[in-house]
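The values are calculated or read from the model by the stated rules, or taken from the named source; none is laboratory data. Please read all numbers here as calculations on a predicted model, not as lab measurements. Using ideal geometry, Cβ is built from the backbone for each residue, glycine included, and neighbour counts are taken over all protein chains shown. For the accessible areas, the whole protein counts, side chains as well, though only heavy atoms, and no ligand, DNA or RNA atoms are used. Shrake-Rupley method; radii C 1.70, N 1.55, O 1.52, S 1.80 Å.
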Amino acid sequence: AQKVTQAQTEISVVEKEDVTLDCVYETRDTTYYLFWYKQPPSGELVFLIRRNSFDEQNEISGRYSWNFQKSTSSFNFTITASQVVDSAVYFCALLIVNTGFQKLVFGTGTRLLVSP
Amino acid sequence: KAGVTQTPRYLIKTRGQQVTLSCSPISGHRSVSWYQQTPGQGLQFLFEYFSETQRNKGNFPGRFSGRQFSNSRSEMNVSTLELGDSALYLCASSLGFREDEQYFGPGTRLTVT
């Protein structure tokens, strides 16, 4: 069975602190994709990054970076020098890739509160 | 390029009624997926449509149904509403290839009283 675990329910930091959001996934498939989405108070899920199971390179995009480790089935997300605008719920998701369909399995989300 | 749009944004219904939600995908996207988000169950997959055909369905009762039109717009219907159906219903569109990222709409918040 496929499963995504985000053990951190809520994290509170002060602006400019670095923060890491953890994501652990389970799947028996050898080909899979991992995603991070951000959900601001407006409700819309905003796509942040996609990573496939064959690419373990870490990625950095501005203040955001992602660390993918197949050995520990983790796909962690770090925000450097956090800002108030980063306050949102962040979801890690696993894309089930099968013949002819797409299905995202989401973690329960981590609520990030960044205070000034 | 316009994003995914969902109508209505907010809806209040009474138990036993039925409701239809609409989703217009990004132009050129042929796959539309629906998700239900509740505080207790989180984000759960409802179903996915591609070229007017349901490709996959989540573990929801038959009261939840959907369809997709030739222009890729999709509707979701819930019959005989229950209090537990109160949720944020999110629609996502993608090109439809297996690994494509899904782009989400703002959601429809349904409240059942």
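Take the alpha-carbon centre of region B:33-65, take the same for region A:54-81, and report the distance between them in whole Å. Here the answer is 29 Å between Cα centres. Using Cα-Cα distances under 8 Å and only pairs 6 or more residues apart, what relative contact order does chain B have, in percent? Taking the mean separation of contacting Cα pairs over the length of chain B, I get 36 percent. For A:LYS38, which aspartates and glutamates qualify as cross-link partners when the Cα separation must be under 20 Å and same-chain residues fewer than eight apart are set aside? Within the straight-line cut-off, A:LYS38 pairs with A:GLU10, A:GLU15, A:GLU17, A:ASP18, A:ASP22, A:GLU59, A:ASP86, B:GLU99, B:ASP100, B:GLU101. In summary, the lysines within cross-link reach of B:LYS13, defined as a Cα separation below 27 angstrom excluding same-chain residues under 8 places away, comprise B:LYS57.
In sequence order, region B:4-17 has phi-based couplings of 6, 10, 10, 9, x, 7, 9, 8, 10, 10, 9, 3, x, 6 Hz under the Karplus curve 6.51 cos²θ - 1.76 cosθ + 1.60, θ = phi - 60°, and Gly or Pro positions carry x. Phi angles of region B:80-89 translate, via the Karplus equation with coefficients 6.51, -1.76, 1.60 and θ = phi - 60°, into HN-Hα couplings of 6, 4, 10, 4, x, 7, 4, 5, 9, 9 Hz per residue; Gly and Pro are given as x.
Using θ = phi - 60° in the Karplus curve 6.51 cos²θ - 1.76 cosθ + 1.60, the 3J(HN,Hα) couplings for region B:50-65 round to 9, 6, 6, 10, 6, 8, 7, 9, x, 8, 10, x, x, 5, 9, 9 Hz; x is entered for Gly and Pro. What do you get for trypsin sites (Lys or Arg not before Pro) in region A:1-47 restricted to DSSP loop and a cutoff of at most 13 other Cβ within 10 Å of the site's Cβ? Sites meeting the loop and neighbour criteria: A:LYS16, A:ARG28. In chain A, Cα pairs under 8 Å separated by at least six residues give a relative contact order of 37 percent.
Please list, by residue number, every one of the chymotrypsin sites (Phe, Trp or Tyr not before Pro) in region A:35-104 that is coil in DSSP and has at most 11 other beta-carbon atoms within 10 Å. All intermediate terms of the calculation are to be shown ahead of the outcome.
On the way: sites: A:PHE35, A:TRP36, A:TYR37, A:PHE47, A:PHE54, A:TYR64, A:TRP66, A:PHE68, A:PHE75, A:PHE77, A:TYR90, A:PHE91, A:PHE101; in loops: A:PHE54.
Loop-located and lightly packed - A:PHE54.
When the Kirkwood radius is taken over all Cα pairs of chain A, what Stokes-Einstein diffusion coefficient follows at 37 °C and 0.692 mPa s, in µm²/s? Before the final figure, lay out each step's value.
Numbers: Rh = 14.4 Å.
Once the numbers are plugged in, D ends up at 227 µm²/s.
The heavy atoms of A:ASP29 present about 60 square angstrom of accessible area, all protein chains included, probe 1.4 Å. Around the amide H of B:ARG55, modelled in the peptide plane, lie the amide H atoms of B:GLU48, B:TYR49, B:PHE50, all under 5 Å away and 5 or more residues distant in sequence or on another chain.
A DSSP coil position with no more than 10 other Cβ atoms inside 10 Å describes the following trypsin sites (Lys or Arg not before Pro) in region B:1-68: B:LYS1.
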